[in-house]
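Asks: For reference, the structure I am asking about is given below.
The values are calculated or read from the model by the stated rules, or taken from the named source; none is laboratory data. It should be emphasised that the depicted structure is a prediction, and the values quoted were computed from it without experimental measurement. For neighbour counting, all protein chains shown are included, and Cβ atoms are generated from backbone atoms with ideal geometry for every residue, glycine included.
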Amino acid sequence: DTGVSQDPRHKITKRGQNVTFRCDPISEHNRLYWYRQTLGQGPEFLTYFQNEAQLEKSRLLSDRFSAERPKGSFSTLEIQRTEQGDSAMYLCASSSPFPGTGELFFGEGSRLTVL
Amino acid sequence: GQQLNQSPQSMFIQEGEDVSMNCTSSSIFNTWLWYKQDPGEGPVLLIALYKAGELTSNGRLTAQFGITRKDSFLNISASIPSDVGIYFCAGQSRGTALIFGKGTTLSVSS
């Protein structure tokens with residue numbers, strides 16, 4: 001399978017704990033995106049990498065959130081001191097570097113439940 | 001900021017019927033994408049549009065990039081039970097992130 005892979009698929013944690021999600025993009029894609037989706041809403045943009053550089057961050061990405069893509073391949077999204085409002089599906093997507101190909105291909109998501 | 005208005009919010013149709021949904025934007029987009037999402041899964045890309053006026057088909061699905069560049073529609077012909085799901089439009093202006101509508105939930109009864 002050469003699609004976008006996310007791990008874990010589900011995470012249940014207690015408020016105040018730290019959690020980390022991993023994303024492995026499609027291998028030839030140099031752009032990687034993190035989105036958050038809550039029930040009844042569309043995905044909301046969090047942050048974007050081109051290779052290892054984090055080029056854009058949404059105001060939704062509070063200082064408790066940090067994303068990295070150290071070698072320009074896989075990425076991690078860490079949430080520190082989780083709050084109940086962080087409960088959501090965290091989606092990773094990747095896209096091709098070629099001009100005119102703006103399609104984002106999504107993984108299956110990591111669902112976070114904060115108790 | 002940019003906003004996408006997607007309608008209708010939900011649709012209940014009989015198998016075999018045609019479906020139409022649309023999105024409008026407060027600003028001009030360079031790209032319109034349509035996705036389908038099943039429960040507990042990530043969105044799957046259906047159709048991508050890059051030019052104003054462009055009409056693109058993917059099987060029973062047809063989508064158009066509006067002439068004003070502020071709207072797009074998706075049609076599904078001869079619906080079948082596996083068309084059930086949530087359909088999202090998404091748009092992008094140059095240099096900005098892809099933003100999504102709130103989705104249209106489609107239910108198909110056989």
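Asks: Would you tally the residues in segment A:89-115 being modelled with pLDDT of 95 or more and at positive phi?
Replies: Residues flagged as modelled with pLDDT of 95 or more and at positive phi within segment A:89-115 amount to 1.
Asks: Would you confirm whether any residue within segment B:81-98 is more than 10 Å from chain A (Cβ to nearest Cβ), under 13 Å from the mean Cα position of the chain (by Cα) and aliphatic (A, V, I, L, M)?
Replies: No, because not a single residue in segment B:81-98 is more than 10 Å from chain A (Cβ to nearest Cβ), under 13 Å from the mean Cα position of the chain (by Cα) and aliphatic (A, V, I, L, M).
Asks: Could I ask something else about it? Which of the residues belonging to segment B:20-31 are of a type in the set (S, T, N, Q), part of a loop (DSSP other than H, G, I, E, B) and buried (at least 17 other Cβ atoms within 10 Å of the Cβ)?
Replies: B:Asn30
Asks: Right, here's the next one. Is it the case that B:Thr105 is touching a Gly at 6+ places or on another chain (Cβ under 9 Å), in a strand (DSSP E or B) and within 14 Å of chain A (Cβ to nearest Cβ)?
Replies: Against the criterion (touching a Gly at 6+ places or on another chain (Cβ under 9 Å), in a strand (DSSP E or B) and within 14 Å of chain A (Cβ to nearest Cβ)), B:Thr105 qualifies.
Asks: Take A:Ala53 and tell me if it is of a type in the set (A, V, I, L, M, F, W, C) and out of contact with any strand residue (DSSP E or B) (no Cβ under 9 Å at 6 or more places or on another chain).
Replies: yes
Asks: Quick one: count up the residues across segment B:8-19 that are under 16 Å from B:Gly101 (Cβ atoms) and surrounded by 14 or more Cβ atoms within 10 Å (Cβ to Cβ).
Replies: Summing the residues that are under 16 Å from B:Gly101 (Cβ atoms) and surrounded by 14 or more Cβ atoms within 10 Å (Cβ to Cβ) in segment B:8-19 gives 2.
Asks: List the number of the failed condition for B:Ser57; all other conditions in (1) in a strand (DSSP E or B); (2) in contact with a Gly (Cβ under 7 Å, 6 or more places away or on another chain); (3) without any contact (Cβ under 8 Å) to a residue 24 or more places away in the chain hold.
Replies: (2)
Asks: Only residues that are farther than 14 Å from B:Tyr87 by Cα, of a type outside the set (Val, Ile, Thr) and away from every other protein chain (no Cβ under 14 Å): list them for segment B:4-28, please.
Replies: B:Gln14, B:Glu15, B:Gly16, B:Glu17, B:Asp18, B:Ser26, B:Ser27
Asks: Give the residues of segment B:71-100 that are at pLDDT below 95 and in a loop (DSSP other than H, G, I, E, B), sorted by residue number.
Replies: B:Ser93, B:Arg94, B:Gly95, B:Thr96, B:Ala97, B:Leu98 - these are the residues of segment B:71-100 that are at pLDDT below 95 and in a loop (DSSP other than H, G, I, E, B).
Asks: Would you pick out the residues in segment B:32-70 that are more than 12 Å from the chain's Cα centre (by Cα) and surrounded by 22 or more Cβ atoms within 10 Å (Cβ to Cβ)?
Replies: Passing the criteria: only B:Gly42.
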